[in-house]
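Report on the structure given below.
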Amino acid sequence: MDSQQWTNELLDNMRTKGDPKADKAAEALFDAVRGHDPKEISAFIVRFVSQDFTKAWLNSSAIPDPPELVAYFEDFEEFKFSTADIEYLEKGSGFFERNGPMITFGLGVRSLLKQYAHTKAIEVLRLTTLLVKFVNRRILETMQFVLDVMSPDWVIKSHDGSFKLNLHHPGLMSIKKLRLVHAMIRYRIRHKMYDVSLGDYDIAALGFPINQEDMVFAIHTFSLEIIEGLRQMKIKVTDEEAEIYFQCWKIIGRGLGVDRTLEPSSYADALNLQNLIYERHFTMPNETGPVLSVALMNWFVSTVPLLKEKLLITFIRDFNGPANYSILSNNLKIDLGNSHADLKAHLTTELHFDEKPSRPGLKVTNKEDLALDNFFLHFIRTLINVERGGKNEHFRCGDGFAASWDANHFRDKPLPKWQVFLLAVWTFIKRLFRSSSNDLTKSNKSK
């Protein structure tokens, strides 16, 4: 599709559409569990979302399997990759391997914040309380999803050059599950299965919940916003790499049910579409965006040792750049004035991240860039040691990524919160001791 075809008329139409394939499966699921015991329902749903695609279905539940739901999990039409698709997925995974720590951090300080600035789309989050009551789980699940889909080896190749879908790929289940979750949310909102005291969801005004326009917008926050954010951070991304990463996510969006009508032809074309969506929906007043932003920022500060609010806002400022300052300040009420003048200088002279060893294969020319990369590694290592909320699952980064990011020596089980606290205290004590030593040295020299 050419960029000149992105019109308000087209996007207005796309706001009336959901995801028919997943919506049919979700409706069958709700019909099947109606009237059953909550424990039976929980076991039934868990069995479906943990299904091993390489094995046959075995119904051991008191609830009969809905044919529509089984068909949904057995349908891989969107995963019939072309040779070009496979190349994009492989190269996109390679780009993520090189830049994954900063990309994962960027999801929080740019991608999710852009989603909160969308005045209509965030009404779904408000009514389902997804990012207020379960902040830790929802943020980690978003980051986990990205690592899952960016894992290599989407296909199994034969010596004769043929290939088949790798049914054990972590991204396959992640996509299937997230797509169904979106359909379940649409069903719940349409049938008022939420706390109605929070207000009514007006489909005529807001569009179909998690509609096609909102879906492609969200996908672009994981591709375009990340690339633009890395470039704002002065992390080199070539035009070819940007195109590869965008095309990779376009394929992932297809798996998530994005209508092919909304597939841009190129990175530049996608920017045109995304900018039109900004014009349409980054509007005021936005009462929900600031609430979600506070929840997100509180999660970062309470989870990541050494990441204080002022440093976090500095990252937000630098990842987004001047073009987004008004959105951050007006739509999300983030005080950009509460920031450090120079991010890399703070990471170097105050936090001393430049003194840590670099990850294997990293090519940096100065200590400031080393400090920046080491902070992102510090963030990834923190995630590995943090529980994922009520599910009590820890963050996974895969053997390949773990080796590239020098994270293999971190334990499989998450650190207890008291140990995370002690780590932060110990780091503070070392900083205090180092500062005192520096002051003493300067005093001695002056004598």
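The values are calculated or read from the model by the stated rules, or taken from the named source; none is laboratory data. Note that the structure is a prediction, hence the values are computed from the model and not measured. Here the Cβ positions follow ideal geometry from the backbone for every residue, glycine too, while neighbour counts run over all protein chains shown. Each accessible area value is taken on the protein alone, full model and side chains, heavy atoms only, with ligands, DNA and RNA left out. Shrake-Rupley method; radii C 1.70, N 1.55, O 1.52, S 1.80 Å.
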Practice item. Once you have the Cα-Cα distance between Arg98 and Val294, take 0.36 nm times their residue separation minus that, and quote the gain in nm to one decimal. Key: 67.5 nm
Check your understanding: Residues of the stretch 37-140: accessible area per residue at 1.4 Å, in Å²?
Key -> 43 Å²
Revision key, fill the gap. With all protein chains present and a 1.4 Å probe, the order of Arg280, Arg138, Arg186 from largest accessible area down is Arg138, Arg280, Arg186
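For the chain, what % of the accessible area comes from carbon and sulfur atoms, probe 1.4 Å? Provide the component values of the computation, followed by the final result.
On the way: 11400 of 21120 Å².
Answer for the chain is 54 percent, counting heavy atoms of protein chains only.
How high is the relative contact order of the chain, given as a whole-number percent (alpha carbon pairs under 8 Å, six or more residues apart)?
21 percent
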Check your understanding: Taking the Cα centre of the chain as the origin, how large is its charge dipole in debye, to the nearest 20, when only Lys and Arg (+1) and Asp and Glu (-1) carry charge on their Cβ atoms?
Key -> 1860 debye
Point to revise | Accessible-area ranking of Arg110, Arg126, Arg47, largest first, probe 1.4 Å | key: Arg126, Arg47, Arg110
**Study point:** Computed label-point distance, nm, for sites Asn272 and Ser329 using a 7 Å Cα→Cβ extension
**Key:** 3.2 nm
**Study point:** Those aspartates and glutamates that a straight Cα-Cα span of less than 17 Å connects to Lys308, excepting residues fewer than 8 apart in one chain
**Key:** Asp318, Asp335, Asp342, Glu350
**Study point:** Estimated distance in nm for a label pair at Lys356 and Ser42, the labels positioned 7 Å out from Cα along Cα-to-Cβ
**Key:** 3.7 nm
Point to revise | Taking the C-alpha atoms of the chain, convex hull volume expressed per residue in Å³ | key: 166 Å³
Study note, to complete from the structure: In this structure, the FRET efficiency calculated for Thr16 and Lys164 from their beta-carbon separation, with R0 = 30 Å, to the nearest 0.05, is 0.25
Review point. Which of the helices in the chain, when you take each full DSSP H run, stretch at least 18 Å along the axis at their Cα atoms and have an average Kyte-Doolittle score of 0.5 or higher?
Key: 288-303
Review point. Ranked highest first by the average count of other Cβ atoms within 10 Å around their residues, in what order do 244-254, 366-376, 202-212 fall?
Key: 244-254, 366-376, 202-212
Check your understanding: For the peptides 52-58, 222-228, 318-324, what is the packing order when you average, over each peptide's residues, the other Cβ atoms within 10 Å and list the highest mean first?
Key -> 222-228, 318-324, 52-58
Revision key, fill the gap. For the pair Ala402 and Glu77, the simple spin-label estimate (label points 7 Å beyond Cα toward Cβ) gives in nm 3.8 nm
Review point. Can you give the extra length, in nm with one decimal, that the chain gains between Asp342 and Glu287 once fully stretched, where that is 0.36 nm per residue apart less the Cα-Cα distance?
Key: 16.7 nm
Study note, to complete from the structure: Under 5 Å from the placed amide H of Val155, counting only residues 5+ away or on other chains, we find Asn166
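Looking at this model, which pairs from Lys114/Lys177; Lys80/Lys176; Lys176/Lys250; Lys114/Lys333; Lys234/Lys356 are more than 18 angstrom apart at the alpha-carbon?
Details: Lys114/Lys177 23 Å; Lys80/Lys176 15 Å; Lys176/Lys250 16 Å; Lys114/Lys333 13 Å; Lys234/Lys356 21 Å.
Pairs exceeding the cut-off: Lys114/Lys177; Lys234/Lys356.
I need the peptides 269-279, 160-170, 307-317 ranked by packing, meaning the mean over residues of other C-beta atoms within 10 angstrom, with the highest value on top.
Per-residue mean Cβ counts within 10 Å order the peptides as 307-317, 269-279, 160-170.
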Review point. Full extension from Val196 to Thr261: what is 0.36 nm times the residue separation minus their Cα-Cα distance, to one decimal in nm?
Key: 20.0 nm
Point to revise | 222 nm mean residue ellipticity, helices alone, for the chain (DSSP H n ≥ 4; -39,500 (n - 2.57); rounded to 500) | key: -18000 deg cm²/dmol
Practice item. Anything over 23 Å Cα to Cα? Flag those among Lys91/Lys236; Lys91/Lys363; Lys17/Lys39; Lys310/Lys344, in the order listed. Key: Lys17/Lys39
Review point. Got a sec? Charge dipole of the stretch 196-298, +1 on Cβ for Lys and Arg, -1 for Asp and Glu; which of Ala270, Thr288, Gln232 is way out at the positive end?
Key: Gln232
